[in-house]
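Structure first, commentary second.
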Amino acid sequence: MPSPTPLSTPPNVIAVIDDDDALRDSLVWLLESVGLTPRAFASGDAFFAASHDDLGALMLDVRMPGMSGLQVQQRLVDQQARLPIIMMTGHGDVPMAVAALKNGAFEFIEKPFNHQQLIDVVQRALSSAEQQHQRQQSIAQLKACFETLRPKEQRIVGHVAEGMTSREIADHMGISAKTVEVYRLRAMKTMGAANVAALVRQAVALSLVPALPPAPGTRD
């Protein structure tokens, strides 16, 4: 198995997008007071004009002149950004916040803020971002291992994940069942899979096969 790539540091910068100068400065002070790293923007346009690859979370005002908070969120969704978004709402903005949640926002918090509540939400968002970051790193390492397999080994991994037996794979590929077993064991060693079930989970994670839907009557 290839040596694992060192994990990069998960993003921990929080962007704050709000057109209210006083509130924006207050939020920057609050975040800095608990050891967090804020980056403030007065508008969605200013945010998109800057690099935001290192962000761990985004605090986003719903109502702003120009690009609204919902428009900023939609643009991030269109870009397939997986950034936890905390929507900041004023009185009467709850329906808009609910719409944002349905579009994938992490949470919404109403103004005026309870400082501790806000910090708790930000910490949860950063924790979610870190977990997502670790999953992405794990998938990247798994993909690197998969790409070192021989083409026939890659095919066998896919067929195993599809539920085919060694005999079925052998007939399908025109090789012996013994060869299938040898290739499968070699692939499992390279992928670091302790058993066939682990190999199937890895294949699902790599999108070689679709994940099975939940059985009827079971809970997620």
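Among the residues of the range 212-220, is there at least one that is of a type in the set (Val, Ile, Thr), touching a residue at least 40 places away in the same chain (Cβ under 8 Å) and either closer than 30 Å to MET59 by Cβ or exposed (fewer than 13 other Cβ atoms within 10 Å of the Cβ) (or both)?
No: the range 212-220 contains no residue that is of a type in the set (Val, Ile, Thr), touching a residue at least 40 places away in the same chain (Cβ under 8 Å) and either closer than 30 Å to MET59 by Cβ or exposed (fewer than 13 other Cβ atoms within 10 Å of the Cβ) (or both).
When you scan the range 59-72, how many residues do you find that are over 21 Å from GLU130 (Cβ atoms) and surrounded by 14 or more Cβ atoms within 10 Å (Cβ to Cβ)?
9
Given (1) buried (at least 17 other Cβ atoms within 10 Å of the Cβ); (2) without any contact (Cβ under 8 Å) to a residue 24 or more places away in the chain, identify the lone condition not met by ALA187.
It is condition (2) that ALA187 fails.
Here is a yes/no grid of residues against (1) surrounded by 15 or more Cβ atoms within 10 Å (Cβ to Cβ); (2) of a type in the set (Lys, Arg); (3) out of contact with any Gly (no Cβ under 9 Å at 6 or more places or on another chain):
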position	(1), (2), (3)
ASP78	no, no, yes
ILE86	yes, no, yes
HIS91	no, no, yes
PRO95	no, no, yes
GLU110	yes, no, no
GLN117	no, no, yes
ARG135	no, yes, yes
ALA140	no, no, yes
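Mind listing whichever residues of the range 53-109 are part of a helix (DSSP H, G or I) and of a type in the set (Asp, Glu)?
Residue satisfying the conditions is ASP78 alone.
I need every pair where a residue in the range 71-84 that is free of Cβ contacts under 8 Å to residues at least 60 places away in the same chain has its Cβ under 7 Å from the Cβ of a residue that is among the β-branched types (Val, Ile, Thr), sequence separation at least 6 or different chains.
Going by the 7 Å Cβ cut-off, the qualifying pairs are VAL72/ILE17; GLN73/ILE85.
Rule-based calculations on the coordinates, nothing more; no lab input. Note that this is a predicted model, so its numbers are computed, not measured. No Cβ is skipped: glycine too gets one built from the backbone with ideal geometry, and neighbour counts run over all protein chains shown.
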